[in-house]
Amino acid sequence: MTEPGFLHATRTSYDTLAAAYDGHFGDHLASKPLERALLAGFAELVRNGGGPVLDVGCGTGVATAHLAGLGVTVSGIDLSPGMVEVARRNHPHLRFEVGSMLELDVPDGTLGGLTAWYSVIHVPREQRPRVFAEFHRVLAPGGQMLLGFQVGDETSHRTDGFGHPIALDFHRLRPDDVAEMLCRAGLEVHTRMVREPQDTGAFPELTPQGFLLARKPEA
């Protein structure tokens, strides 16, 4: 099967950016208390439910490591070998693998939780139902899922990142639209949050930030 073009562009771009991305963002969660609170709530839900957690599109492993610090049994996958290399170096006590959210190398119904923390933002709209169906497949009944993304309707194409040539599309998403897609995939959205942009601090933002928590219904 021919690989969708966005996968190649995303992988190549993040391979190019990996070192600079790590140097610029580091532990960006340190300046985001509401995001840490959401991750803490997710951690409590999955600890109560049992089963391992997969951080899909883990990047340099910041959210993965944060969840591990909250007592979650978690590993990460990312499309970019360069980002996975950084994650392994920064967090040698955790497991990180190269993989695609279109085809997760995970048996059916085995995960207690799944995070996609600002990783579906690179997935075109026509591919999102496939991604969410895959998330549903790997979650155990009662398993929890947490999504993070920028809110909006626009798609921006960037050709430069930290002075490096890239070809990345960033899709802003509407929470109601994402929730409808998750429902069609068989997942139940139980929590929605939209935070207004932080225009000050280490990581100023231009758009609101959206978060959805969903669960796979019990069998």
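Values quoted throughout were computed directly from the atomic coordinates according to the rules given, and no laboratory measurement underlies them. Source: prediction; values computed, not measured. Methodologically, a virtual Cβ is constructed for each residue, glycine included, from the backbone with ideal geometry; neighbour enumeration extends over all protein chains shown.
At a glance:
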{"quantity": "Helix-only CD estimate at 222 nm, as mean residue ellipticity for the chain, using -39500 (n - 2.57) per DSSP H run (n ≥ 4)", "calculated": "-11000 deg cm²/dmol"}
{"quantity": "Highest average packing first - 196-207, 90-101, Cβ atoms within 10 Å", "calculated": "90-101, 196-207"}
{"quantity": "Cβ-derived FRET efficiency at R0 35 Å, C183 paired with R89, nearest 0.05", "calculated": "0.35"}
{"quantity": "Length-normalised contact order of segment 99-200 in % [C-alpha pairs under 8 Å, at least 6 apart]", "calculated": "27"}
{"quantity": "Under 14 Å, Cβ to Cβ, from P175 - net charge with Lys/Arg +1 and Asp/Glu -1", "calculated": "0"}
{"quantity": "Label point distance in nm, H24-E218, each placed 7 Å from Cα along Cα→Cβ", "calculated": "4.6"}
{"quantity": "Gap separating the Cα centres of segment 61-105 and segment 202-219, nearest whole Å", "calculated": "19"}
{"quantity": "Quarter of the Cα convex hull surface for segment 144-219, i.e. its orientation-mean projected area (nm²)", "calculated": "6.5"}
{"quantity": "Summed residue charge, Cβ within 13 Å of P197's Cβ, Lys/Arg positive, Asp/Glu negative", "calculated": "0"}
{"quantity": "Within segment 68-219, percent of DSSP bridges classed antiparallel, to nearest 5", "calculated": "70"}
{"quantity": "Packing rank of 141-153, 7-19, where each peptide gets the mean count of other beta carbons within 10 Å, highest leading", "calculated": "141-153, 7-19"}
{"quantity": "Inter-site label distance for A133 and T191 at 7 Å from Cα along Cβ, in nm", "calculated": "2.9"}
{"quantity": "Electrostatic dipole magnitude of the chain [Cβ: Lys, Arg +1; Asp, Glu -1; Cα centre; debye, to 20]", "calculated": "360"}
{"quantity": "Rounded, prolate or oblate (a/c below 1.5 giving rounded, otherwise prolate when a/b exceeds b/c) for the chain by Cα gyration tensor", "calculated": "rounded"}
{"quantity": "Segment 15-117: C-alpha gyration tensor shape, a/c 1.5 cut-off, then a/b vs b/c", "calculated": "oblate"}
{"quantity": "Mean Cα-pair separation over length for segment 19-178, i.e. relative contact order, pairs under 8 Å, 6 or more apart, %", "calculated": "20"}
